[in-house]
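What follows is one structure encoded as structure tokens, with my remarks underneath.
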Amino acid sequence: MKAFANIAQSALASKALDRKTKELIAVAISVAIRCDDCIGFHVKAALEQGASQEEVTEALAMAIYMGAGPSVMYATHALDAYAQFASRVAKPKSDVDVAGGAGERRV
């Protein structure tokens, strides 16, 4: 696993392409090879790198173009993953549950 981690670290290093672009490429490849776990991992990483839904959608269009019919089905998995991760990012993080009253911790 250490060797794979080294490969990943090297591949993701910003050189001619920035990290966000590389994650968008990884999203498209994940769809084209039909890897659900890869889709979730790379959609989350792309979102963390600042990818917009439009950018993810454009990458998915390339995956569909390159991967034909089955990629259409897996592209919906990537859009679902984006929506799930984006909704988590949009919610403010707080230790106090405002609706439950002061002092109550979120779980």
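How about the stretch 1-87: which trypsin sites (Lys or Arg not before Pro) there lie in a loop by DSSP and see at most 11 other Cβ atoms within 10 Å?
For trypsin sites (Lys or Arg not before Pro) across the stretch 1-87 that sit outside H, G, I, E and B with at most 11 neighbouring Cβ atoms in 10 Å, the list reads Lys15.
How large is ³J(HN,Hα), in whole Hz, for each residue of the stretch 19-36 in order, when computed from phi with the Karplus curve 6.51 cos²θ - 1.76 cosθ + 1.60 and θ = phi - 60°, using x for Gly and Pro?
4, 4, 4, 5, 5, 5, 4, 5, 4, 4, 5, 4, 5, 4, 9, 6, 10, 4
Across the stretch 70-80, in residue order, what do the Karplus-derived ³J(HN,Hα) couplings come to in whole Hz, using 6.51 cos²θ - 1.76 cosθ + 1.60 with θ = phi - 60° and x for Gly and Pro?
Going residue by residue, I get x, 5, 4, 5, 6, 4, 5, 5, 5, 5, 4 Hz, with x marking Gly and Pro.
Please state the shape class of the stretch 16-89: rounded when a/c is under 1.5, otherwise prolate if a/b exceeds b/c and oblate if not, all from the C-alpha gyration tensor.
In terms of gyration-tensor shape, oblate.
About the Cα centre of the stretch 16-89, what is the dipole size in debye to 20, counting +1 per Lys and Arg Cβ and -1 per Asp and Glu Cβ, all else neutral?
With only Lys, Arg, Asp and Glu charged at Cβ, the dipole is about 100 debye.
Taking amide hydrogens as modeled 1.01 Å from N in the peptide plane, which residues meet the under 5 Å criterion relative to Leu17, leaving out close sequence neighbours?
Close amide H contacts, sequence-distant or interchain: none at all.
Thr21: net charge of surrounding residues, Cβ under 15 Å, Lys/Arg +1, Asp/Glu -1, itself excluded?
In short, -2.
Quick note: the coordinates plus some simple rules give every number you see, no bench work behind them. This one's a predicted model, so the numbers in the text were calculated from it and none came from an experiment. Backbone-built Cβ (ideal geometry, glycine too); neighbour counts: all protein chains shown.
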